[in-house]
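Just so you know, all these numbers are worked out from the coordinates, no wet-lab data involved. Keep in mind that what you see is a predicted model, and the values were worked out from it rather than measured. All Cβ positions, even for glycine, are placed from backbone atoms using ideal geometry, and neighbour counts span all protein chains on display.
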Amino acid sequence: MAFNLNPSLGLSLSGCKVPESVVAELLHGPASTTTPGGQRQETELEEMLRGMEISKKPRGGKDQNLAIEFRYPMIDNPYVLGKIIFAEAVGSLCAKGITDCEKTMMLFCRPPDMSKAMVSGLFSVMSDGFRESCMHTDGVQTWASYKSHSTFIVGALASAYWPQHLYVARDNALDGDVLVLTKALGTQVAIDAYESIYDLNRWDLYASFLSKDDVRVAYRQALHSMCLLNRKAANLMHVHNAHGAMAVSGLGILHHANELALVQKEPVSFVIDTLPVIKHTVAAAKGAAGGGVSPLLQGLSPETSGGLLICMPRDDAVAFCKFFDEYGGSPAWIIGTVQSGPKMASIIKNVKIIEVSN
């Protein structure tokens with residue numbers, strides 16, 4: 001069966017995070033069940049958690065952590081899409097230093113114009129990809145669920161119990177620390193460029209800047225990157241004195257760097273001087289911007305299942321990057337510094353660009 005998942009969404013939605021208002025509707029709307037004892041109607045989220053036997057109460061000295069992500073579909077390969085949405089959901093847990101995920105659920109929202117055969121095929125293949133990624137985390141139990149919605153949306157729920165003393169606090173950055181990034185940027189740029197290959201009007205924007213073969217190379221690298229889990233980074237943060245971390249996701253690296261800067265105990269600024277990007281995405285981004293300044297080089301390009309942005313002492317960062325490459329076969333980069341100043345992030349004017357290839 002051939003799948004064409006996102007043409008009706010358009011470029012403005014493909015791969016984008018789902019608005020909070022839609023997420024609230026999906027999770028906090030009334031379910032078909034009542035709470036134990038029948039006091040009130042459950043929400044959709046409560047019904048899911050009860051079905052997965054997940055309690056928000058601490059257990060055995062461990063806190064319960066819950067991560068939920070929703071995305072409009074960004075690619076037409078449902079197996080890979082299942083892997084990506086799993087990696088996206090557990091990314092925020094990994095940013096806390098959580099390395100083991102106990103229970104997960106794939107969430108699938110079907111639009112009314114999607115046939116039963118299409119739903120069955122998509123759901124099955126996506127579930128296979130989702131479970132494949134789950135196998136790379138210890139002790140995972142998986143569920144899958146789908147419901148009707150006006151738009152096709154995919155998502156994931158991940159739950160983990162974790163000892164309080166093993167969290168990586170995210171508010172301990174100090175003047176003199178450096179910033180480390182564990183995945184190259186440019187996933188959405190690569191996806192948009194790839195979609196343009198099959199649209200002559202859109203391809204005209206890119207044709208002067210790169211070839212279709214270049215786009216295919218960037219797209220394959222983006223898929224590989226989005227499927228990678230941030231688990232090895234979470235493990236190494238415990239060894240190399242991480243002072244804080246955040247998953248880079250739908251709103252671009254500058255937004256997430258600002259978020260991380262704002263929660264620091266000390267008055268520090270994050271200054272980004274280097275941007276590692278997927279090979280050929282600088283050219284693709286320039287084409288999409290009509291030759292002008294692209295959001296990618298401003299740190300504003302959305303990412304899906306991006307890496308971790310980590311603060312740590314310089315010596316630890318050098319060791320982290322060395323072991324990260326040796327441990328998992330993919331690089332990490334020192335991309336900036338932590339300096340005394342207002343709690344904000346910035347990218348220097350002449351930022352260094354590193355084009356990364358597999």
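Among F152, F270, F70, which one shows the biggest mean-square fluctuation in a GNM of the chain, springs joining Cα atoms closer than 10 Å?
F152
Once Rh is set to the Kirkwood radius over Cα pairs, what Stokes-Einstein translational diffusion coefficient, in µm²/s, holds for the stretch 20-164 at a temperature of 25 °C and a viscosity of 0.890 mPa s?
155
Which ordering of I272, I348, I54, I310 is given by a fewest-first count of other beta-carbon atoms within 10 Å?
Lowest to highest Cβ neighbour count: I348, I54, I272, I310.
Could you rank the peptides 311-321, 100-110 by their average count of other C-beta atoms within 10 Å per residue, with the highest value first?
The packing order, highest mean first, is 100-110, 311-321.
Which three extents, in whole angstrom, do the alpha-carbon atoms of the stretch 235-335 cover along their principal axes, largest first?
That gives 44, 34, 22 Å along the principal axes, largest extent first.
Pull up all non-local amide H partners of L185: gap of 5 or more, or a different chain, and H-to-H distance under 5 Å with H placed in the peptide plane.
V277, I278
Which lysines does K265 reach when only Cα atoms under 22 Å apart count, and residues fewer than 8 places away in its own chain are ignored?
K96, K343
Could you give me the percent of Cα pairs per 10 Å distance bin for the chain, shortest bin first, beginning at zero and ending with the bin that holds the maximum distance?
Final binned percentages: 5, 24, 32, 25, 11, 2, 0.
Could you check the spin-label model distance between I348 and S150? Points 7 Å from the Cα along Cα→Cβ, value in nm.
4.7
Among V23, V180, V239, which one shows the highest mean-square fluctuation when the chain is modelled as a Gaussian network with alpha-carbon springs under 10 Å?
Comparing V23, V180, V239 in the GNM, the peak value goes to V239.
When a footprinting reagent is the concern and you count Cβ atoms within 10 Å, what order do I353, I347, I84, I334 take, fewest first?
Ranking I353, I347, I84, I334 by Cβ neighbours within 10 Å, fewest first, gives I353, I334, I347, I84.
What does the stretch 178-356 give for Rg and for Dmax, in Å, if only its C-alpha atoms count?
Reported Rg and Dmax, both Å: 16.4, 52.
Which Cα, out of P302, A190, M246, lies furthest along the positive dipole direction of the stretch 178-356 (beta carbon charges, K/R +1, D/E -1)?
Comparing the listed Cα positions along the dipole, M246 ranks first.
Can you bin the stretch 169-256 into rounded, prolate or oblate? Criterion: square roots of the alpha carbon gyration tensor eigenvalues sorted a ≥ b ≥ c, rounded for a/c under 1.5, prolate for a/b above b/c, oblate for the rest.
Prolate is the answer for the stretch 169-256, as a/c is 1.5 or above and a/b outweighs b/c.
Of Q264, A156, G292, whose Cα points farthest to the positive end of the dipole of the chain (charges on the beta-carbon: +1 Lys, Arg; -1 Asp, Glu; origin at the Cα centre)?
A156
Counting only helical runs of four or more DSSP H residues, what would the 222 nm mean residue ellipticity of the chain come to if each run contributes -39,500 (n - 2.57) and the total is spread over all its residues?
Calculated mean residue ellipticity at 222 nm is -11000 deg cm²/dmol.
Taking the Cα centre as origin and putting +1 on Lys and Arg beta-carbons and -1 on Asp and Glu beta-carbons, what dipole magnitude results for the chain, to the nearest 20 debye?
160
Would you mind ranking K116, K212 by Cβ crowding within 10 Å, fewest neighbours first?
Fewest-to-most Cβ neighbours within 10 Å comes out as K116, K212.
In nm, to one decimal, how far is the modelled label at E355 from the one at D315, with both set 7 Å along Cα→Cβ?
Roughly 3.7 nm, to one decimal.
Please compute the contact order of the stretch 178-356 in relative form: average sequence separation of alpha-carbon pairs under 8 Å and at least six residues apart, divided by the residue count, as a percent.
Across the stretch 178-356, relative contact order equals 42 percent.
When only C-alpha pairs under 8 Å and at least 6 residues apart count, what is the relative contact order of the stretch 20-164, in percent?
Across the stretch 20-164, relative contact order equals 33 percent.
Among S120, S269, S294, which one moves the most in a GNM of the chain with springs linking Cα atoms closer than 10 Å?
Maximum fluctuation in the GNM of the chain, among the listed residues, is at S120.
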